[in-house]
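Worksheet for the structure shown next.
The values are calculated or read from the model by the stated rules, or taken from the named source; none is laboratory data. None of the values given here were measured: they were computed from a predicted structure. Note that each Cβ is placed from the backbone with ideal geometry, even for glycine, and that neighbours are counted across all protein chains shown. For the accessible areas, the whole protein counts, side chains as well, though only heavy atoms, and no ligand, DNA or RNA atoms are used. Shrake-Rupley method; radii C 1.70, N 1.55, O 1.52, S 1.80 Å.
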Amino acid sequence: MTKLLESSAKKAPPTHILVRWLFLRGLGFIYFVAFASFFVQAAGLIGEHGILPAHLFLKDARDSLGAVPFLSCPTLFWFNCSDAAIRLLAGSGIVFSLFVMVGVCTGPLLVFLWLMYLSIVTVGGDFMSFQWDVLLLETGFLSIFFSHYKLVDLPLKKENPTAEFPEPSPLVLWLLRFLLFKLMLSSGAVKLLSGDITWHDLSALHYHYWTQPLPTPLGWLAAQLPDWYQKFCVAIMFFIELVLPFFIFVPGKLRLIAAFSMILLQVLILVTGNYTFFNWLTILLCLLLLDDALLEKIKLAPLSGLFRSLIARAAPRRGGFWDKARSTVLVTLIATLTIGHNLSFAPEPIKFFSYVLSPWYISNGYGLFAVMTTSRKEIVVEASQDGTNWMPYEFIFKPGDVHRAPPWVAPYQPRLDWQMWFAALGTRRDSPWFAHFVFRLLQNSPDVRALLLSEPFNGKPPKFVRASLYDYQFTNLSELAKTGEWWKRTYVELFFPEASLRQPDSSEVDK
């Protein structure tokens, strides 16, 4: 590793042809995961018979926004918001991302992928409001300008003198690096600025592994580690998130140390918790801290021939007037939005400009787990035919049956399961979507039932639905060996009262 760092540090000036090639292929994969994950859940989440139908959202938006709603509510679904249109857009996103993964028409397709994913996030409501969704949009927007807009990005014929691959724009490269800096530094800063005692006394990991939304089996194992080790890991995490981000702007060994440390942190997070494509996307941004010389030294055998071909066809960047003008405008835009979003003393015109463009997610704020949850509440949804005997609905991934092991699910995101975790943090009034969910269960909506693992009555609609709140904790090694239970739980209270569909009386039937 030391030799790799020294070799890369001595290489001057560094190039990023290989880095860009790998980054764009990886971005295509992230887009593929995001669109494919949404495709299989779309009908149950925002379809006509889903929990939060998109067409109702757009109707309310049109009523409140007036004649030109697209500027404040940017989505292609203004043209058509049927279930078929939703499937078509998500399916097209899957196809386009596959083209980007293999290097065909990368630049133009990145424009479409960004606009299409923005369209989904805009109408997705609570189910598309996660930080990795806006991180993907911000990364995707910058990557439009990072690409070289060649028809084919498959450099297999190095003897072709016309197929050159120019060095990526250094300004856009630095904007992507700044995004990583903002993401990492914000993640550490919000933990300290929140005043949460568990971060200040380094005890947060004592709770994190079993209170996070969807732990993994390794997360269960990590929760068994001694407290002194947990505190040590929190201290290391703070060093990586609060100190090493500044090394991003320092050339040579320090930048590479930052890159490998951040990657290691993301790997540890993704093996202990299911955070969808968030960690993979962050690792992809860390790749931009490397250069071509280091990648060649790593000796990725399956790609070595491709790398040699790329280097053979590398060309210096020819920065003309329009290229410089575009980069200058982009830097000014990102700087203005960043200032407007993050500085309370920013001039009012800048704040207003940032507010107007905020629905486009070009520049965003970040920071997960500012306040550590120290208990785990789980909502158990139950159905009954007589109001006396109750049977539970089982979700595919979230904790329910105490004998089920924590699952491996990332980079796929079960968005209903995730929202159930957030709903349990508050009351039912804090999650208005939950009443819609109960209503769809009473209607026996096939699209919503498809989001669940099992239902009590084998496809028959329930007459009553309710939801109870339980306190969940991991078992320890001896308890797991003795009982086979990964979780232990105790009843807390009723979360959502018994509900049923109103049945019309005889007079209403006659009418």
**Prompt:** Is it fair to say Ile263 is modelled with pLDDT of 95 or more, open to solvent by less than 20 Å² (accessible area, probe 1.4 Å) and part of a helix (DSSP H, G or I)?
**Reply:** no
**Request:** Return yes when Ile283 is within 26 Å of Gln419 (Cβ to Cβ) and surrounded by fewer than 22 Cβ atoms within 10 Å (Cβ to Cβ) and no when it is not.
**Result:** yes
**Message:** I'd like to check something: does the range 363-386 contain any residue that is open to solvent by less than 30 Å² (accessible area, probe 1.4 Å) and closer than 20 Å to Leu71 by Cα?
**Reply:** yes
**Message:** Take the residues in the range 15-36 that are open to solvent by 10 Å² or more (accessible area, probe 1.4 Å) and under 15 Å from the mean Cα position of the chain (by Cα); name whichever of them is nearest to Leu142 (Cα to Cα).
**Reply:** Gly26
**Item:** Any hit, the range 197-207, residues being in contact with a His (Cβ under 9 Å, 6 or more places away or on another chain) and at pLDDT 95 or above
**Value:** yes
**Message:** Among the numbered criteria (1) over 18 Å from Phe39 (Cβ atoms); (2) open to solvent by 30 Å² or more (accessible area, probe 1.4 Å); (3) among the hydroxyl-bearing types (Ser, Thr, Tyr), which one does Ser82 miss?
**Reply:** (1)
